[in-house]
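The values are calculated or read from the model by the stated rules, or taken from the named source; none is laboratory data. The model shown is predicted, which means the values in this text are computed figures rather than measured ones. No Cβ is skipped: glycine too gets one built from the backbone with ideal geometry, and neighbour counts run over all protein chains shown.
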């Protein structure tokens, strides 16, 4: 699914799958939709109700992780300071600034981005049509917690503590 407006992107991929007559799996609905997660889940439910084979998954964290040189950060030069404050460099644990972002982007490596809310993650994880994802990367003992702690977090937080799942 391309980035940008999640509603438009979902409409496009669902339409493409329907026209092609193929199943569709939407990756990381919680980080793709963020604040629009409930609407995105409604759209997926609607497609499924009409007989389309549409599935999705979510990971149980408010932060995501990707390569700092990724196209996801195109246009970073025009971003304000608050944008960089949401980014964390796993090797040092520091929150980034425009200057440190530029330095690490030239160097390459993974960056963690805090871009979601507990409410949206809970909505995705607790939804009956959503599978749990755990594709975090750990290099040299550092990385995203979902690389090793996803299912423990789901069972501990969303089942035992919050009772969002049975």
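Among all residues of the stretch 79-89, there is none that is surrounded by fewer than 16 Cβ atoms within 10 Å (Cβ to Cβ), within 20 Å of the chain's Cα centre (by Cα) and in a strand (DSSP E or B). Do we find a residue being in contact with a strand residue (DSSP E or B) (Cβ under 6 Å, 6 or more places away or on another chain), outside any strand (DSSP E or B) and at pLDDT 95 or above anywhere in the stretch 49-65? Checked against the condition, which is being in contact with a strand residue (DSSP E or B) (Cβ under 6 Å, 6 or more places away or on another chain), outside any strand (DSSP E or B) and at pLDDT 95 or above, the stretch 49-65 yields no hits at all.
A quick yes/no check of all residues on (1) surrounded by 19 or more Cβ atoms within 10 Å (Cβ to Cβ); (2) under 23 Å from residue 139 (Cα atoms):
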position	(1), (2)
45	no, no
48	no, no
54	yes, no
60	yes, yes
72	no, yes
76	no, no
91	no, yes
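If the condition is being surrounded by 14 or more Cβ atoms within 10 Å (Cβ to Cβ) and in a strand (DSSP E or B), then the stretch 100-150 contributes 110, 111, 112, 113, 114, 130, 132, 138, 142, 143. Scanning the stretch 156-165 for residues that are over 19 Å from the mean Cα position of the chain (by Cα) and either buried (at least 18 other Cβ atoms within 10 Å of the Cβ) or part of a helix (DSSP H, G or I) (or both) returns 156, 159, 160, 161.
In the same structural domain as residue 126 (by TED's automatic domain parsing), touching a helix residue (DSSP H, G or I) at 6+ places or on another chain (Cβ under 6 Å), outside any helix (DSSP H, G or I) and under 28 Å from residue 75 (Cβ atoms): is that true of residue 1 in this structure? The answer is yes for residue 1.
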